[in-house]
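Asker: One structure, as structure tokens, below. Some questions next.
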Amino acid sequence: MSSSAQETHDGNVPHRIRPDKPPTLFQPSFNPNMLIQGLSPGELPKSDDILHFFLTPGHKSVYDIVYAAERLTLLTAKDNKAKLVSLRVLGYLVLLAPGPDHKALAEIATAVRTTDSSDIYVLGGIYSDCFVRSFYKFKGSRTPFTPSHPSRPSFNVRVQEIKATILQAPKNHSEAKDKVGHTMSLVSALVRDGYRCVVTGTIDTKCKGFFDFTELKKSGTLRTECAHIIPEATYFGLDKGKKKDYSASVLAVFDRFGVQFDKLNEGNIHSLWNVMTLVQPIHDSFDRLELWFEATGNEHEYFIKTTDETNRLLSELNGPITLTSSDPNVPLPDPKLLAFHAAACRVAYLSGATEYMEEILRDFERLNVLAEDGGSLAILEHAFFQAGLVRVEV
């Protein structure tokens, strides 16, 4: 474990706490058939039932802070879905923080410990908006709220530093090549990936001429797309003040989690380590946090996981896939970025975050005025967040 993680956990000597007996799963609140690492979606489980997740006693104590806040909310404001989802995002992030170096876990643990107990849910809302939701592809253009975190001055300073240096991404891959000298383009990823979807092996329709009939019949053909791991939209629309504030906040979270800001800035978002070739249905599931790459421990080898167990394109996958390059000098998708996306998928599913966001946005699009009984208050509040009219302070 890194020294920063050791410091976060109160100087405890790193070791795994192992239970005396197998953990008992907490009763899920919905869809109990789908488990992720033994966890079912809904309410946070008791820490004593999941001891195998904790690296140190300090790690467990941080989780217990979030768990206590969720239990109090269930007793005092059980109908406040937004608050409960925010707390669950934070709780599951504590359990499933991305990155083998534990930098993300150290950052989250420090944030939890330095936030007043009454505002823990707001911290969860920040991670929901600037980590989980940053990976999620909405229909249309929607700008989430811009968080403020006065109790963490160093975070706010980093947001301002990034805001001052963040540069608009080229709007397409050709422009990226012309502007910053990249050889990166949609075609570059397609060539590296062997003219196929990296998940299903399906051949790109426009590249049928490179294969004989036997291979075409065996693998099938579909239209493929260039999928970004860190969404390219993070670097678009930066001429709009509120969008730039949001993008800077997202990148500050990534930066504190261990992804260097400069690695993503401007045209770098189109670099080959941030893109891969996927058929359209798989790309859509990837962008909607329904599908992720779960590392096996072997280099560039992954199990493909999905919350949609009826996905026909994945039904014939047996075992893990290995990402390969047609040229050893051409980089493959970055395992760290894939780990971040995977963590966002797991947390979004377990916490109910994506389901709740879609519910709020669908309702907001249907309603133009508040219901007389105030039933649309949550919708209006969320709309205010998106418009940047409300700044969250903790």
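Asker: In nanometres, what is the gap between the two model label sites at Leu317 and His52, each 7 Å from Cα along Cα-to-Cβ?
Answerer: 2.3 nm
Asker: Could you please put Val132, Val187 in sequence from largest to smallest accessible area, using a 1.4 Å probe? Write down the numbers at each step before the final one.
Answerer: Details: Val132 0, Val187 90 Å².
Output order, biggest surface exposure first: Val187, Val132.
Asker: Still on this structure, please answer the following. So which of Lys263/Lys305; Lys83/Lys137; Lys103/Lys263 end up more than 25 Å apart, counting from Cα to Cα?
Answerer: Numbers: Lys263/Lys305 27 Å; Lys83/Lys137 22 Å; Lys103/Lys263 17 Å.
Flagged as over cut-off: Lys263/Lys305.
Asker: For the full complex of protein chains and a 1.4 angstrom probe, list Phe210, Phe254 by accessible area with the highest value first. List each step's numbers first, then the result.
Answerer: Numbers: Phe210 135, Phe254 0 Å².
Largest accessible area first, the residues go Phe210, Phe254.
Asker: Assuming R0 = 25 Å, what is the FRET efficiency of Glu299 and Gln260, from their Cβ-Cβ distance, to the nearest 0.05?
Answerer: Numbers: r = 21 Å, r/R0 = 0.86.
With a Förster radius of 25 Å, E is 0.70.
Asker: Rolling a 1.4 angstrom probe over the protein chains, ignoring ligands and nucleic acids, what is the accessible area of Leu35 in square angstrom, nearest 10?
Answerer: Leu35 exposes around 80 Å² with every protein chain in place.
Asker: Rg and Dmax in Å for the stretch 77-118, alpha carbons only: what are they?
Answerer: 11.9, 37
Asker: Now, a different point. Percent of Cα-Cα pairs more than 15 Å apart in the stretch 300-365, please. Please list the in-between numbers first.
Answerer: Values: 1464 of 2145 pairs.
In whole percent, the share of Cα-Cα pairs in the stretch 300-365 beyond 15 Å is 68.
Asker: So what are the ³J(HN,Hα) numbers for the stretch 87-93, from phi and the Karplus equation (6.51, -1.76, 1.60; θ = phi - 60°), rounded to whole Hz, Gly and Pro as x?
Answerer: Calculated HN-Hα couplings, in order: 5, 6, 4, 5, x, 6, 5 Hz.
Asker: Let me ask something else. Between rounded, prolate and oblate, where does the stretch 50-94 land on the alpha carbon gyration tensor, with a ≥ b ≥ c its root eigenvalues, rounded for a/c under 1.5, else prolate if a/b exceeds b/c? Provide the component values of the computation, followed by the final result.
Answerer: Numbers: a/c = 3.22, a/b = 2.21, b/c = 1.46.
In terms of gyration-tensor shape, prolate.
Asker: Still on this structure, please answer the following. What is the distance in Å between the Cα centroid of the stretch 330-363 and that of the stretch 106-135?
Answerer: When both Cα centres are located, 16 Å separates them.
Asker: Cys226: accessible area at probe 1.4 Å, nearest 10 Å²?
Answerer: Around 20 Å² of this residue is reachable by solvent.
Asker: Test of understanding: what is the full-extension gain from Val330 to Thr310, defined as 0.36 nm times their sequence separation minus their Cα-Cα distance? Show your work: numbers first, answer last.
Answerer: Working: separation 20, 0.36 × 20 = 7.20 nm, distance 3.43 nm.
Between Val330 and Thr310, full extension yields an extra 3.8 nm.
Asker: Kindly identify the stretch 61-144 as rounded, prolate or oblate by the Cα gyration tensor criterion: order the square roots of the eigenvalues as a ≥ b ≥ c, call it rounded if a/c is under 1.5, otherwise compare a/b with b/c, prolate if a/b is larger, else oblate. Walk me through the numbers on the way to the answer.
Answerer: On the way: a/c = 2.11, a/b = 1.09, b/c = 1.93.
Because a/c hits 1.5 or more and a/b fails to exceed b/c, the stretch 61-144 counts as oblate.
Asker: Taking a probe of 1.4 angstrom, what is the accessible area of Asp308 in Å², to the nearest 10?
Answerer: Accessible area of Asp308: about 60 Å².
Asker: Volume per residue, Å³, of the convex hull around the alpha-carbon atoms of the stretch 245-346? If you can, show how the numbers build up before the last one.
Answerer: Details: hull volume 13.2 nm³, N = 102.
Value for the stretch 245-346: 129 Å³ per residue.
Asker: For Lys208 and Ser117, compute 0.36 nm times the residue count separating them, minus their Cα-Cα distance, and round to one decimal in nm. Please report the intermediate quantities before stating the final value.
Answerer: Details: separation 91, 0.36 × 91 = 32.76 nm, distance 5.88 nm.
Contour length minus Cα-Cα distance gives 26.9 nm.
The values are calculated or read from the model by the stated rules, or taken from the named source; none is laboratory data. Values in this document were obtained by computation on a predicted structure and should not be read as measured data. Glycine also receives a Cβ, built like all others from the backbone with ideal geometry; neighbour counts cover every protein chain displayed. Protein only, heavy atoms only, side chains kept; ligands, DNA and RNA dropped before computing areas. Shrake-Rupley method; radii C 1.70, N 1.55, O 1.52, S 1.80 Å.
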